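For reference, the structure discussed in these notes is given below.
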Amino acid sequence: MSHVEKEKKKLLNRLARLRGQIAAIERAVTEDRECARVLQQATACRGALDGFIAEVIEDHIREHLVDPAAADDSPRRRAADELIDIVHAYLT
């Protein structure tokens with residue numbers, strides 16, 4: 001992945017949060033917490049992972065599929081923006 005440092009930092013922050021959420025799930029299972037609590041934490045983790053995936057897809061589209069010199073109203077740029085909106089709507 002050859003993303004700019006700002007995007008890389010954002011992704012690494014998301015991964016750190018995911019790591020914490022996974023650890024919380026592990027603790028809940030180890031401590032025999034009730035099923036509803038474990039499921040709630042697992043669902044939050046899944047949402048965080050979906051957000052991470054959406055960010056990687058968006059970065060990929062912007063970095064590799066759209067010409068940075070293209071005008072904001074070019075058909076390709078508009079299609080890329082629409083695709084990004086769809087990915088975010090589906091995953092987040």
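Data for the structure
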read-out: Near-label residues of the range 40-65 by backbone N, under 17 Å of a point 7 Å along Cα→Cβ of Val29; value: 40-47, 49
read-out: Karplus-derived HN-Hα couplings along the range 65-74 (A = 6.51, B = -1.76, C = 1.60, θ = phi - 60°), whole Hz, x at Gly and Pro; value: 10, 10, 5, x, 7, 5, 5, 4, 9, 5
read-out: Nearby aspartates and glutamates by direct alpha-carbon distance to Lys9 (threshold 20 angstrom, same-chain neighbours under 8 apart not counted); value: Asp50, Glu55, Glu58, Asp59, Glu63
read-out: Kyte-Doolittle mean at least 0.0, axial Cα span of 30 Å or more - DSSP H helices of the chain; value: 35-60
read-out: From the coordinates shown, Cα Rg over 2.2 N^0.38 Å corresponds to which of (1) 1.40; (2) 1.21; (3) 1.01; value: (1)
read-out: Charged-residue dipole, Cβ positions (Lys, Arg, Asp, Glu), the chain about Cα centre, Debye nearest 20; value: 360
read-out: Whole-number percent relative contact order across the chain, with pairs defined as alpha carbons under 8 Å at least 6 apart; value: 30
read-out: Inter-site label distance for Leu91 and Ala44 at 7 Å from Cα along Cβ, in nm; value: 2.2
read-out: Dipole moment magnitude, nearest 20 debye, the range 23-71 about Cα centre, only Lys, Arg, Asp, Glu C-beta charged; value: 220
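The numbers here are math on the coordinates, done by the rules we state, and not lab data. For clarity, every value in this text was computed on a predicted model and none was experimentally measured. Backbone-built Cβ (ideal geometry, glycine too); neighbour counts: all protein chains shown.
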